[in-house]
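Student: Structure incoming, see below.
Values quoted throughout were computed directly from the atomic coordinates according to the rules given, and no laboratory measurement underlies them. These numbers come from a predicted model, not from an experiment. Cβ atoms come from the backbone with ideal geometry, glycine included; neighbour counts cover every protein chain shown.
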Amino acid sequence: MTPKEREFSLVVNGELKTVRAHPMERLLDVLREHLGLTGTKEGCGEGECGACAVLIDGALVDSCLIPILQAQGSNVVTIEKLAGEPRLYALQEAFLECGGAQCGICTPGMILAAQYLLNRKPRPTMEDIREGLSGNLCRCTGYTQIIEAVAEAARRGAST
Amino acid sequence: MRSDPADYELVAPANLQAAISLLAGEPGSWLPIAGGTDLMVQYAAGTLRVRKLVSIWNLPDLRRVEILPGEIQIGAGCTYTDLREHAVVRDEFPLLARAASWTGGIANQNRGTLGGNIANASPAADSLPALLAYGADLILVSVRGERRLPYRDFHAAYKETKLAPDELIRAVCLPRRFAGYVSYARKVGTRNAQAISKVCIAALARLESGVVHDVRIAVGSVAPVPLRLAETERILDRKPVEPSIVALARRTAAGEIRPIDDIRSTARYRAAVVSNLVAEFLEKLRAPAMGHE
């Protein structure tokens, strides 16, 4: 096989990163294996479960479906960035208080999907929350607590 | 088994012209990839046979919506989120906006494109019945120029289309002439988000002087290609919505689909659901304020 690795540059959690990779390598693998950001999880690997959700240029996406070439030059935010931001304590605290995290595998994706929702709809209805999280599966089936956590975070102004 | 990225070539031309030039150079050997919501699943499963991919994600020429007096031209690279949020799509083509809202989850809607849904040609694709109902045209582009094709002629057979190996879908054109129509869309699946439809329907018509005019009913997941229910439409034309007509429409609809038993449902269930959906649409047409949307 001819080596076709190339250099790709992208901003990850505010820092410019350059990685050497095959263009079809998944953003998920680049984040986890090249950059050591293992907060982004692999669940189904086919865009169904949302465990690998990240934000690219502000949009919620599943990083398992994105070849690194399509992330070239973009601005990627992973759970590691959100975890370090004081303004997100409301969402994190609400997940803790409402029991929104059980085994924890879905939690990074849930938090990112919730943050994306609250960025766009600071006062979501319960229906908005259900829809906003509809691409994220929790195999512990703790949906009620997760949805309550997002509603609680919205009440506390998690988007501001 | 997972694919090895080293086995695949992936390039990203800077613009549409460069993309079609690449396709023209070796017709059939390059596979366009937009948001990746279908192809990356095949790639992950190790079933993506084509080894040369050309990224058309986010090409500006494909992500515009042009509003003309008589039609809108939606760039094939527009995502479901783009469709849901576009004021003209929402106001004048609610069947398409609705279908976009129940395609996949939010993350898929931020990546999946209308052109990808068309080219992928799944008979279960959620947005395709809406395009059939609105009588969409496609603009196809290659280095040979552009051609315009009625969308109803695009699907030749199961997963086979009229797209030439050197062509891309550039835009989807919808005529702006459905003001005052009653529209009805419904997806029947295990759940709305993520799940692939057992049956999906997009229908519209107007009721004038108590009779049905210009009725358009399109369904997905009930035949090898998305289907217009031409015979059902014919028997409804200029008829009042009354029990005997509804009963005839139910039977006709069930008779003109070609559903199969598969992993998601059975042919018998699908036929029953199509009948019920046609009846629910007619009920809404008769009493618009009462129906679902």
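Student: By per-residue mean of other Cβ atoms within 10 Å, what is the highest-first order of B:273-279, B:188-194?
Tutor: B:273-279, B:188-194
Student: Give me the distance in nm between label points sitting 7 Å out from Cα along the Cα-to-Cβ direction at B:ALA267 and A:SER9, one decimal.
Tutor: Using points 7 Å along Cα→Cβ, the separation is 5.9 nm.
Student: At a Förster distance of 25 Å, what's the computed FRET efficiency of B:HIS213 paired with B:ASP91, Cβ-Cβ distance as r, to 0.05?
Tutor: 0.75
Student: Right, here's the next one. Give the share of C-alpha pairs in each 10 angstrom bin for region B:5-55, from 0 to the last occupied bin, in whole percents, shortest bins first.
Tutor: Per 10 Å bin, starting at zero, the Cα-Cα P(r) for region B:5-55 comes out as 25, 55, 20, 0 percent.
Student: May I pose another question? So which helices of chain B fit the span-like rule, where a helix is a whole DSSP H run, its Cα atoms reach 15 Å or more along the axis, and its mean Kyte-Doolittle is at least 0.0?
Tutor: Membrane-span-like by this rule: B:243-256, B:267-286.
Student: Placing +1 at every Lys and Arg Cβ and -1 at every Asp and Glu Cβ, with all other atoms neutral, what dipole size does region B:1-102 have around its Cα centre, in debye to the nearest 20?
Tutor: Computed charge dipole of region B:1-102: roughly 240 debye.
Student: Which order do peptides B:209-221, B:171-183 fall in by mean Cβ count within 10 Å, highest first?
Tutor: B:209-221, B:171-183
Student: Taking the Cα centre of chain B as the origin and placing charges on Cβ (Lys, Arg +1; Asp, Glu -1), which of B:ILE118, B:VAL212, B:LEU48 is farthest toward the positive end of the dipole?
Tutor: Highest projection toward the positive end goes to B:VAL212.
Student: So which helices of chain A fit the span-like rule, where a helix is a whole DSSP H run, its Cα atoms reach 15 Å or more along the axis, and its mean Kyte-Doolittle is at least -0.5?
Tutor: Qualifying helices: A:107-120, A:143-155.
Student: How far is it, in nm, from the label point at B:GLN42 to the one at A:ARG156 when both lie 7 Å from their Cα along the line to the Cβ?
Tutor: Label at B:GLN42, label at A:ARG156, 4.6 nm between them.
Student: Also: What does a probe at A:ALA83 reach in region A:21-44, counting residues whose amide N is under 19 Å from the point 7 Å along Cα→Cβ?
Tutor: A:28-43
Student: Take every residue in peptide B:107-115, count the Cβ atoms of other chains within 10 Å of its Cβ, and give the average of those counts.
Tutor: Going residue by residue through B:107-115 and averaging, the value is 6.
Student: While we're here: Applying a 10 Å radius around every beta-carbon, put B:257-268, A:18-29, B:79-90 in order of their mean neighbour count, most first.
Tutor: With the highest mean Cβ count within 10 Å placed first, the list reads A:18-29, B:79-90, B:257-268.
Student: Further, regarding this structure: Under 16 Å from the 7 Å Cα→Cβ point of A:ASN119, by amide nitrogen: which residues of region B:62-98?
Tutor: Counting only backbone N, you get B:81-82.
Student: Can you pull a Stokes-Einstein diffusion coefficient for chain A at 25 °C (0.890 mPa s), Rh from Kirkwood over Cα pairs, as a whole number of µm²/s?
Tutor: 154
Student: For chain B, report the translational diffusion coefficient in µm²/s to the nearest whole number, using Stokes-Einstein at 20 °C, 1.002 mPa s, and a Kirkwood Rh over Cα pairs.
Tutor: 109
Student: Compute the length gained on full extension between B:ILE260 and B:ASP7: take 0.36 nm times their separation in residues and subtract their Cα-Cα distance, giving the result in nm to one decimal.
Tutor: Going from the current span to full extension adds 87.5 nm.
Student: Mind grabbing the base-10 log of I(q)/I(0) for region A:86-155 at q = 0.12, 0.13, 0.21 Å⁻¹? Debye formula, identical points on the C-alpha positions, no solvent, two decimal places.
Tutor: -0.24, -0.28, -0.77
Student: Most exposed first by the Cβ proxy, i.e. fewest other Cβ within 10 Å, how do B:PHE93, B:PHE154 rank?
Tutor: Fewest-to-most ranking of B:PHE93, B:PHE154: B:PHE154, B:PHE93.
Student: Tell me, in nm to one decimal, what length is gained between B:LEU248 and B:GLU231 on full extension, where the rule is 0.36 nm per residue of separation less the Cα-Cα distance?
Tutor: Full-extension gain reported as 5.0 nm.
Student: Calculated FRET efficiency, A:THR144 and B:GLU26, Cβ-Cβ r, R0 41 Å, to nearest 0.05?
Tutor: Using R0 = 41 Å, I get an efficiency of 0.15.
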